[in-house]
1. If you plug each phi of the stretch 150-163 into the Karplus form 6.51 cos²θ - 1.76 cosθ + 1.60 with θ = phi - 60°, what whole-Hz ³J(HN,Hα) values come out, in order, with x for Gly and Pro?
2. State, to one decimal in nm, how far the label point of A79 lies from the label point of S168, with both points 7 Å from Cα in the Cβ direction.
3. A99 versus V125, label points 7 Å from Cα toward the beta carbon: distance in nm?
4. Decide, for the stretch 52-187, between rounded, prolate and oblate: order the square roots of the alpha carbon gyration tensor eigenvalues as a ≥ b ≥ c, take rounded if a/c falls under 1.5, and otherwise choose prolate if a/b is larger than b/c, else oblate.
5. State, to one decimal in nm, how far the label point of Y207 lies from the label point of F181, with both points 7 Å from Cα in the Cβ direction.
6. Give, in nm to one decimal, the length gained when the segment between W63 and R116 is fully stretched (0.36 nm per residue of separation minus the Cα-Cα distance).
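Readers should treat all values here as calculations from the given coordinates under stated rules, not as data from a laboratory. If you're wondering where the values come from, they're calculated on a predicted model, not measured in any experiment. When we count neighbours, we look across all protein chains shown, and the Cβ atoms used for this are built from the backbone with ideal geometry, even at glycine.
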Amino acid sequence: MKARMVIRLLAGLGLLCGVQTARAQESSAKLVTPYGESVSVGGGVVNFVGDTAKNLTDVGGYWDVRLAFGTRTPFGIEAAYIGAAQSITAVGMKNAFLARNGMETNARINIPLILRNNQVLEPFVLGGVGFARYSLNFDGINQSVMKIDNDNVLVLPVGAGLAWSFHSFMLDGRFTYRPTFDDDLLRTASSTSHGLENWSAGLLIGYEY
């Protein structure tokens, strides 16, 4: 009985996505492709989850450049360059900050909703994989819990957001949570300390074509 209800729910959601996608594609006559592509730039705030990294750094800023394919279809993909920087307060370190540079690729599930002519509102969820390189920059002597100056980590981003487009102009607001793996930057990193796990919230401005 429960299995049938789940199947019906998924079928209904798929039908809704299909109908809304068809309407979204009808409104995209001026786009080069009916399924939609976009390029966007943006930024926002970022912070760590674990107490060790969070207590050492301040809330920082991030920036990204993002390419998306399938902005008007139920399923899409995107690739992005992401950079970030956070200041550090630690004994013996002056002018210290932690920089992050990396790449991510995500799969997206979209639900395009029509507002009016040439205007689309689109909730979405995402999940993917990427890597990030952390670089510790400072003057003085490193007496903090950071045991090395550079570290490459595996990232598995998950998140949700809301995109709005009008003709070719697009706004995209999103929240992303990033579990990390193989992070050796912190001396106290363990399976329970969250290491370099982080979250970000931001806004992108883009061109849809």
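1. Using θ = phi - 60°, the values come out as 9, 8, 9, 10, 8, 10, 10, x, 9, x, 8, x, 9, 10 Hz.
2. 2.2 nm
3. Between A99 and V125, the label points sit 3.7 nm apart.
4. prolate
5. That separation, rounded to one decimal, is 3.7 nm.
6. Residue separation times 0.36 nm, minus the Cα-Cα distance, leaves 16.0 nm.
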